[in-house]
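Below: one structure, written as structure tokens.
All of the numbers you see were taken from the coordinates with simple rules; none came from a lab. Just so you know, these numbers come straight off a predicted model, no measurement behind them. All Cβ positions, glycine included, derive from the backbone under ideal geometry; neighbour counts span all protein chains shown.
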């Protein structure tokens, strides 16, 4: 895989084949491979994803590819069009803003319930895990690694929602595709230059600082602001 740069310092990933994968956790690996290809720009919004070629590149049969497609469609990353094929989903600005508001509402509930249900020690442990995970985010920013950045974001926000100990909330958050934390234009809004990437990580550092204070109102506002700041980016 190789990278190229275009205007504004935004990095794009040049064309390359997807690496074959092992049989362990096959469905998850296929989903990750497709998701990462979308994040890296190898599959762009509106692109058709050829089932046969994808199966050949990944070294699997078409059956697990189709199973992965169904899950990715539920998460909003792809569109399956009967008799026409499978395509990378596109999302307009209005849909993105609506999704951000839904995500903010769910994660405000998550942080509020986590504060209620976790002991002080458990909350401190959660913050400690967040701080440790931030090292992955800094490494991703140092190398402009989009996939690593997304993996950090998914892992942290999933951990936050899980900490609410509310399975109905976790199911809603996951089925809605919010665990992916990406939209088709994500890296158009956040180009992978050093300043933008590090600024994104610093937002997480500031978020952690508020969480350590354990103030319910401040934590709720912090998670809301952390997510809804993207609305201004979308409008801009």
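General remarks:
- Backbone N atoms of region 207-223 closer than 18 Å to the 7 Å Cα→Cβ label point of residue 113 belong to residues 216-217, 219-221, 223.
- Listed from fewest to most Cβ neighbours within 10 Å, the set 101, 157, 226 follows the order 101, 226, 157.
- Put simply, the C-alpha atoms of region 93-235 give a gyration tensor, and the ellipsoid matching it has half-axes of 23, 18, 13 Å, longest first.
- Taking the number of Cβ atoms within 10 Å of each Cβ as an exposure proxy, the fewest-first ranking of 147, 60 is 147, 60.
- Here 32, 209, 153 are placed in order of increasing Cβ neighbour count within 10 Å, fewest first, which gives 209, 32, 153.
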